[in-house]
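The values are calculated or read from the model by the stated rules, or taken from the named source; none is laboratory data. Quick caveat: nothing in here was measured; it's all calculated off a predicted structure. Note: ideal-geometry Cβ built from the backbone for every residue, glycine included; neighbour counts use all protein chains shown. When the accessible area is computed, the model is the full protein with side chains, heavy atoms only, and any ligands, DNA or RNA have been set aside. Shrake-Rupley method; radii C 1.70, N 1.55, O 1.52, S 1.80 Å.
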Amino acid sequence: MKKIIYLAIGLTTITLCAQTPLPYSNGFDTDTSLNGWSFAELGNICGPAHNNHYWDARLRDNAVSAPNVLYHDYEVGYEGTELTEDWVISPSFNFESGAEVSFKINVYSIMGNPNPEDNIELYLMKSNSEGDITEYSLLTSLIDYCNSEYNTFDTVTIDIPPATGNSHIGFKYESINNWFTVGIDDLTISSGTASTPVVEDLYNQTLLYPNPAKEYIT
């Protein structure tokens with residue numbers, strides 16, 4: 001699945017900067033943890049309680065690496081059916097050889113099971129030389145990690161296919177007036193390795209007979 005996002009519908013421009021070298025790791029625990037990350041809030045913004053309901057690096061007492069996690073609080077506080085769609089987008093990387101992204105995630109359903117509209121998704125995104133997001137493709141849905149246990153983090157490891165140009169990963173939170181939270185910790189991104197065929201020295205491992213041959217050799 002591939003969609004095109006234009007700034008006309010509200011996605012924040014990515015901060016222009018050089019590609020971040022790999023491997024990359026982030027525990028979201030320092031004041032500079034979110035340097036190079038960008039945010040976009042589309043659709044409903046959680047009504048009057050919005051001051052605490054967006055992606056941020058936030059204190060979490062059960063963080064895998066203390067004290068913070070990348071966090072989105074539960075989406076609640078208004079009446080209606082408009083979808084909340086909040087994005088957090090990484091700095092740019094070089095994924096020409098592919099990559100592997102790994103992180104710890106906790107999706108905690110405060111009031112029970114999520115609604116069908118509620119989801120957490122991981123995307124591969126691309127930006128142009130102006131820093132605008134030009135396209136994105138779904139890598140995987142993460143809502144299945146909702147086990148309603150506040151202190152349990154699961155490990156997710158995803159292979160990213162090769163991509164040219166400026167590449168990013170993006171987490172999308174979407175909900176319709178529901179009570180579930182997301183915490184992401186210990187994010188690592190490592191470069192993939194382009195497959196190179198191994199050429200073995202077969203000369204000394206080969207036996208041809210009969211030698212000399214008139215018609216056939218084995």
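State which residue is surrounded by the most Cβ atoms within 10 Å (Cβ to Cβ) when the search covers only the range 64-83 and only residues that are at pLDDT 85 or above and of a type in the set (Val, Ile, Thr). Explain how you work it out, then say what you get.
Here is the first cut: in the range 64-83, the ones at pLDDT 85 or above are 64-73.
From what's left, of a type in the set (Val, Ile, Thr): 64, 69.
Working: 64: 17, 69: 30.
Taking the candidates together, the pick is 69.
Given 166, 128, which one is closer than 23 Å to residue 39 by Cβ, at pLDDT 95 or above and either more than 11 Å from the chain's Cα centre (by Cα) or among the hydrophobic types (A, V, I, L, M, F, W, C) (or both)? First the steps, then the outcome.
Details: 128 fails: at pLDDT 95 or above.
Checking each option against the conditions leaves just 166.
Out of the strands (runs of 3 or more DSSP E) lying entirely within the range 89-153, which hold 2 or more residues that are open to solvent by 40 Å² or more (accessible area, probe 1.4 Å)? Write out each step before concluding.
Working: elements: 93-95, 99-109, 119-127, 133-141.
Fully inside the range 89-153 and qualifying: 99-109, 133-141.
Of the residues that sit in the range 156-177 and are in contact with a strand residue (DSSP E or B) (Cβ under 6 Å, 6 or more places away or on another chain) and of a type in the set (S, T, N, Q), which one is farthest from residue 67 (Cα to Cα)?
166
Just a yes or no: is a residue in the range 184-196 outside any strand (DSSP E or B) and buried (at least 20 other Cβ atoms within 10 Å of the Cβ)?
Residues of the range 184-196 outside any strand (DSSP E or B): 192-196.
Among the residues that remain, those that are also buried (at least 20 other Cβ atoms within 10 Å of the Cβ) are: none.
No: zero hits.
Find the residue count for the range 169-180, including only residues that are within 20 Å of residue 104 (Cβ to Cβ) and under 17 Å from the mean Cα position of the chain (by Cα).
Residues of the range 169-180 that are within 20 Å of residue 104 (Cβ to Cβ), as a first pass: 169-173, 180.
Add one more test, that the residue is under 17 Å from the mean Cα position of the chain (by Cα), and what stays is 169-173.
Residues in the range 169-180 being within 20 Å of residue 104 (Cβ to Cβ) and under 17 Å from the mean Cα position of the chain (by Cα): 5 in total.
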